[in-house]
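Note sheet for the following structure.
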């Protein structure tokens, strides 16, 4: 399973780059999903920190509840693929311009 996760982390950004180079619509959708993921993950983190502050709980132990949130995991996983995609796309554009 670990092998599949690492292989996916390496292969999927290359696939995203190839699709984005071929289609402007795909590029737009990838950027839009990344923007939504960024704000969703940020909102979840903000909410968890706010809840910890208002309940006066120990920050270092209860803040890890954010890692159990499936929305945070999905958005974080997408951003973890999007950032290498953008780096690869940047190399491609810089090389061919």
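Taking segment 24-34 as the range and being over 14 Å from residue 85 (Cβ atoms) and either modelled with pLDDT of 95 or more or not in a helix (DSSP H, G or I) (or both) as the test, only 25 passes.
Of all residues assigned to segment 67-88, none qualifies as being surrounded by 13 or more Cβ atoms within 10 Å (Cβ to Cβ), over 16 Å from the mean Cα position of the chain (by Cα) and assigned to a helix (DSSP H, G or I).
As a summary of the residue check, residue 57 satisfies the conditions (1) over 19 Å from residue 20 (Cα atoms); (2) at pLDDT below 95; (3) assigned to a helix (DSSP H, G or I) except for the one numbered (3). For segment 1-60, a tally of residues being farther than 26 Å from residue 91 by Cα, within 14 Å of the chain's Cα centre (by Cα) and surrounded by 13 or more Cβ atoms within 10 Å (Cβ to Cβ) returns 5. Note on segment 1-30: residues that are touching a helix residue (DSSP H, G or I) at 6+ places or on another chain (Cβ under 9 Å) and within 23 Å of residue 69 (Cα to Cα) amount to 3.
The values are calculated or read from the model by the stated rules, or taken from the named source; none is laboratory data. As the structure is a prediction and not an experimental result, all values here were calculated from the model. For neighbour counting, all protein chains shown are included, and Cβ atoms are generated from backbone atoms with ideal geometry for every residue, glycine included.
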